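Values in this text are rule-based calculations from the coordinates and carry no lab data. Computed from a prediction, not measured in an experiment: that's the story for all the values here.
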Amino acid sequence: MSKMSDIGRQLLGIVLGSACIFGTSSATAQITPDRTLPSNSNVTINGSIFNITGGTQAGRNLFHSFQQFSVPTGGTAFFNNAADIQNIFGRVTGGNVSNIDGLIRANGAANLFVINPSGIIFGPNASLNVGGSFVGTTANAIQFGNLGFFSATNPEAPSPLLTINPSALLFNQIPIAPIQNNSSCEMVLNFLPQHLDKAMPGM
């Protein structure tokens, strides 16, 4: 299950999508890199485990970019990051909702951000094994101070300057796509940008 900071628990559910979408199709549930990064994400499948490696590293930040990101029932999305990574950012650029009905995990104490402006649905079997905080958001981008941003709707390679901690979530989509949590797992989902600096101590 997710190991979350006390502050992260307090932020749980500040903003949740209101639209209701049901069902997860195992036939379409997959994780596919989109090949938009200088060092692209790699996904290998071992049984029901999607092993996610590669990505572009900037300091202690690691960036992944996916055409699709869904986890079927009984499946695992394993962000197999190095121990020195502090923040993992995974954006979904293909325009499809992410259906999560399996396990999402990462190594060490890394914080994990999953960004999909098309929506995220956590099914009843969804769970987390993340040593840091988890943020699932339908924001269009994550901003890094005045140095730049990591966008899911305007995919660009992350700047080498994006080594700092994130400062805000950027929304330019009307209406906002839904996040639905049908899982018993506690998660920080789609909270307001001004609270981002409070989600993880020291940021």
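Couple of notes before you dig in:
- Our coupling estimate for segment 99-112, obtained by passing each phi through the Karplus curve with A = 6.51, B = -1.76, C = 1.60 and θ = phi - 60°, is 9, 10, 10, x, 9, 10, 9, 8, 7, x, 10, 5, 7, 10 Hz, Gly and Pro reported as x.
- Amide H contacts for residue 98 (H built 1.01 Å from N in the peptide plane; partners 5 or more residues away or on another chain; cut-off under 5 Å): 119, 120, 121.
- Compared with the alpha-carbon gap, the fully stretched path from residue 163 to residue 82 is longer by 27.6 nm at 0.36 nm per residue.
- Three-way shape call for segment 68-170 based on the alpha-carbon gyration tensor, with the a/c threshold at 1.5: oblate
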